[in-house]
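This report refers to the structure that appears directly beneath it.
The values are calculated or read from the model by the stated rules, or taken from the named source; none is laboratory data. Please read these numbers as outputs of a predicted model, since none were measured by experiment. Cβ placement follows ideal geometry from the backbone for every residue including glycine, while neighbour counts extend to all protein chains displayed.
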Amino acid sequence: MIVYRNVESKELDLWFEICEKNFGSVPKKYFSHPYYEEEKADLKDIIIAEEDGKIIGGVRVVYRQIKINEETMVIGGVTDINVTARCYFYVFVELLQKAFEYLRSQKIYYVLGFTAINAYYFYQKLHTFEIEKRYNMFEIQGTGQDNAKSKIERFHVQDLQQIIHIYNKIHSKEEGYIVRTPTYWDKFVIPKLKYACVYKKGNTVLGYITLNGMLRDEKNDWYWNIGEYYEMGGGDILNDLVRGMIKEYHLPNRVRIPNTIELAAVKIKTDICDKRMKVWYLGEESQFNMDIIEGIQKAYFWGIDEF
């Protein structure tokens, strides 16, 4: 008999180990770090499947606040869904159902997540949308020269408030972005700034860029992802920031960036679709709002805030 319940504190480490095993080559920290970085990590957000006293799988629920129609609303996410015995198709579906019931009980009706499960009989009762993130791959020529009036340097903690100001300023009049509280910045964003550069004029930060992981392509060549990039003043400083990151952190000269952002004076090597995510609507038909789906797609744009 399979029992579905919340994970217990003493089982957390075991749960992360099971995730590591079920996802193959993905390291344990990939699952444990995001949990502890959540603004309000809660054991109730992990639902496990237990058979004969053994954990055979589970799912984790996450939350993000996004700005829609000048209001802040909470969007749910399902992640780390896995089952030890791959033949237990119905366990996957049941875990997803339990996660949706839990989110619905909190009056959260829009949910983002990834699953390859083709459970038409389950999804047909829901509004289901697919969003995708496409990338362009660039090959950077040279690392550029230092400018006497403006400089690129590694991020330091004293730059944080100016980065927060840039983020808030840019999004103050936009829809569909992640609302970052001070706690969210502290626990979730700052760890992602371990590899980041800022563009300064004097002591003023005009822009910043972050790294969001190193990857290999089919030829086993290394490249890196831009996790987030913003700048003030309308100047084209992305090229300089990319070159600054390559120089400061000895990165490959191949970089991947969402295809809605242009990178000048470099060669586009390829265009790829890396991720396709589903958005499920769990609420009443009469209250469905397409603007929220579009807002979720915007919020999903960069890598730092990914579910």
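Answer with yes or no whether GLY227 is modelled with pLDDT under 95, touching a Ser or Thr at 6+ places or on another chain (Cβ under 6 Å) and within 30 Å of ILE75 (Cβ to Cβ). It would help to see each step written out before you state the result.
Working: modelled with pLDDT under 95: yes; touching a Ser or Thr at 6+ places or on another chain (Cβ under 6 Å): yes; within 30 Å of ILE75 (Cβ to Cβ): yes.
Against the criterion (modelled with pLDDT under 95, touching a Ser or Thr at 6+ places or on another chain (Cβ under 6 Å) and within 30 Å of ILE75 (Cβ to Cβ)), GLY227 qualifies.
Output the residues belonging to the range 274-305 that are more than 14 Å from ASN259 (Cα to Cα) and part of a loop (DSSP other than H, G, I, E, B).
Correct list: LEU282, GLY283, GLU284, PHE288, ASN289, ILE304, ASP305.
Given the conditions (1) at pLDDT 85 or above; (2) in the same structural domain as LYS28 (by TED's automatic domain parsing), and given that GLN161 satisfies all but one, which numbered condition is not satisfied?
Result: GLN161 passes all but (2).
I'd like the full set of residues that are among the polar types (S, T, N, Q), free of Cβ contacts under 8 Å to residues at least 60 places away in the same chain and either closer than 11 Å to ILE48 by Cβ or assigned to a helix (DSSP H, G or I) (or both), limited to the range 11-32. Before you say what the answer is, go through the steps one by one.
We begin by selecting, within the range 11-32, every residue among the polar types (S, T, N, Q); these are 22, 25, 32.
Subsequent filtering for residues that are free of Cβ contacts under 8 Å to residues at least 60 places away in the same chain retains 25, 32.
Within the range 11-32, just SER32 meets the criteria.
Out of LYS194, LYS219, LYS169, LYS200, I need the residue that is at pLDDT below 90 and at negative phi. Which one?
Details: LYS194 fails: at pLDDT below 90; LYS169 fails: at pLDDT below 90; LYS200 fails: at pLDDT below 90.
Result: LYS219 is the single residue among LYS194, LYS219, LYS169, LYS200 that is at pLDDT below 90 and at negative phi.
The conditions are (1) part of a loop (DSSP other than H, G, I, E, B); (2) modelled with pLDDT under 90, and ILE108 fails exactly one of them. Which is it?
(2)
In this structure, does LEU103 turn out to be part of a strand (DSSP E or B) and either under 30 Å from LYS173 (Cα atoms) or modelled with pLDDT of 90 or more (or both)? Even if it seems obvious, please write down each step before you answer.
On the way: part of a strand (DSSP E or B): no; either under 30 Å from LYS173 (Cα atoms) or modelled with pLDDT of 90 or more (or both): yes.
No, not satisfied.
Enumerate the strands (runs of 3 or more DSSP E) found wholly within the range 126-236, keeping only those where 3 or more residues are charged (D, E, K, R), in contact (Cβ under 8 Å) with a residue 24 or more places away in the chain and closer than 20 Å to ARG64 by Cα.
On the way: elements: 127-139, 150-154, 196-201, 204-216, 222-231.
By residue number, 127-139.
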